[in-house]
Structures are given as structure tokens and as C-alpha cells.
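Presented below is the structure to which this report refers.
The values are calculated or read from the model by the stated rules, or taken from the named source; none is laboratory data. For clarity, every value in this text was computed on a predicted model and none was experimentally measured. Glycine gets a Cβ as well: all are built from the backbone with ideal geometry, and neighbour counts include every protein chain shown. With ligands, DNA and RNA removed, areas are computed over all heavy atoms of the protein, side chains included. Shrake-Rupley method; radii C 1.70, N 1.55, O 1.52, S 1.80 Å.
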Amino acid sequence: MDSVAPPGLTLRSHTGAAYRFDPGALCLELLTTGGPGPYRRYEVLHEPADLAAWAERSRLTPTPALDVSASEVADARALRDALFRVVLARTRGEHPPSGDLETLNEAAARPAMAPAVAPDGTRQWAGTPTGTHLTATVARDAVELLTGPFAHRIRTCAAEDCHLVYVDTSRPGRRRWCSMEHCGNRHKVRALRARHSEEG
């Protein structure tokens, strides 16, 4: 039996070290591509190939063969930015901006990617999904997350210099870090150094 890679994305720290980040939901994976305001400097969605590359890295299975236009990339960025503000408002216990909810709901109302069974019995996507189908799929995932049982578990990483957002799907609900191998490990190293300096 083939081994299946765990869900999540491979990200790189500012030092270039690769680490695994599983935000727990497709819609939150989109937030790793950039965002509004200060997150604009992380922007990676510039052209159709960029959106297709993100879909390939995402938890969508199988990887969809997309037909994406430049305007659909702009729509994906607009959805992502709106979703970012909605999700951050949720983590702070605030009401999300109504315009952003409108953007999210409009995207979710469009036709999403449709799964189908291939002749060999494997899963495939019906037809040739477009960028609009993709953003509708992401938006519907966001609606499910924001109105579902884990809505109160959407969090930002506890590290002061990390802004990654995830949903804590662990049973105890005590996840604090984007990734134990990245921010969790950095925290452990700092705590150890602090202990040693106190002892010294």
C-alpha cells in the first residue's frame, strides 16, 4: 500500500528551513499565499500558474487540472483577503466586516468543483475546473468552518512573530503553534536557554 503524505503545506522560515504546516482546512491553506495590509509582502498569487501551483500544494485530491484566467487570480486574492479579515475577527471575538462576509458569500454561491468517479474507479474532478470553481470550493469550505463545530477553535500561532492561522482539530483542543517543528521548537529552545541563564 502506498504511503500517503499527511495533509498540510511545506513552508519555509525566514532562515530557509522547511517545515510542515497543517492549518486543518482548505480555506486556511489559502491564507499562506499572502493577504491584506502587512501580509501583502508575502504575496505569491500573481498569475494563473501561481493559483494552479497553490491548488497542487493544497489538500485537494486529486490535483485539479485548472483553466485559470488573470481575472480569476484577482478574484482569488480578493476572497483570500476578505477571508483573512473574517477569520482574524473571529479569533478576536469581533464581528467581521460586512463587506468581507459579502465577498465570501458571493464566492460560495458560485458553482464549485464537482467530484466524479473515473472509469478506473478513482476520484477525479468533473470537466475542467476554472479558477471560479476553485474559489467557490474554497469559499464553501470557509462557510463550513466558520459555521461548524470547530469555529471557536480557529487560532493564530502563539509565537509573537508568526501570523499563521489554523483550526485546532486536536481532541484536547490545546494546540498553540502553527507547527511543533517550527514555532513550537523555537519556543522550547528559548525556554531552555532562559532556564540555563537563570541557573547560571
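Aliphatic (A, V, I, L, M) and surrounded by fewer than 21 Cβ atoms within 10 Å (Cβ to Cβ): which single residue out of Ala25, Ala52, Ala76 fits that description? Step through it out loud before you land on a result.
Values: Ala25 fails: surrounded by fewer than 21 Cβ atoms within 10 Å (Cβ to Cβ); Ala76 fails: surrounded by fewer than 21 Cβ atoms within 10 Å (Cβ to Cβ).
Among Ala25, Ala52, Ala76, only Ala52 is aliphatic (A, V, I, L, M) and surrounded by fewer than 21 Cβ atoms within 10 Å (Cβ to Cβ).
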Practice prompt. List every residue pair whose Cβ atoms sit under 9 Å apart, with the two residues 6 or more apart in sequence or on different chains, where the first one lies in the range 115-138 and is more than 23 Å from Glu72 (Cα to Cα) and the second, anywhere, is outside any helix (DSSP H, G or I) and of a type in the set (Val, Ile, Thr).
Written response: Arg123/Thr61; Arg123/Val117
Item to complete: Determine which single condition Pro38 fails, assuming it passes every other condition in (1) in a helix (DSSP H, G or I); (2) over 15 Å from the mean Cα position of the chain (by Cα); (3) at pLDDT 95 or above; (4) not polar (S, T, N, Q).
Response: (3)
Worksheet item: Does Arg85 fit the bill of being open to solvent by 70 Å² or more (accessible area, probe 1.4 Å), touching an Asp or Glu at 6+ places or on another chain (Cβ under 8 Å) and under 27 Å from Ser170 (Cα atoms)?
Response: yes
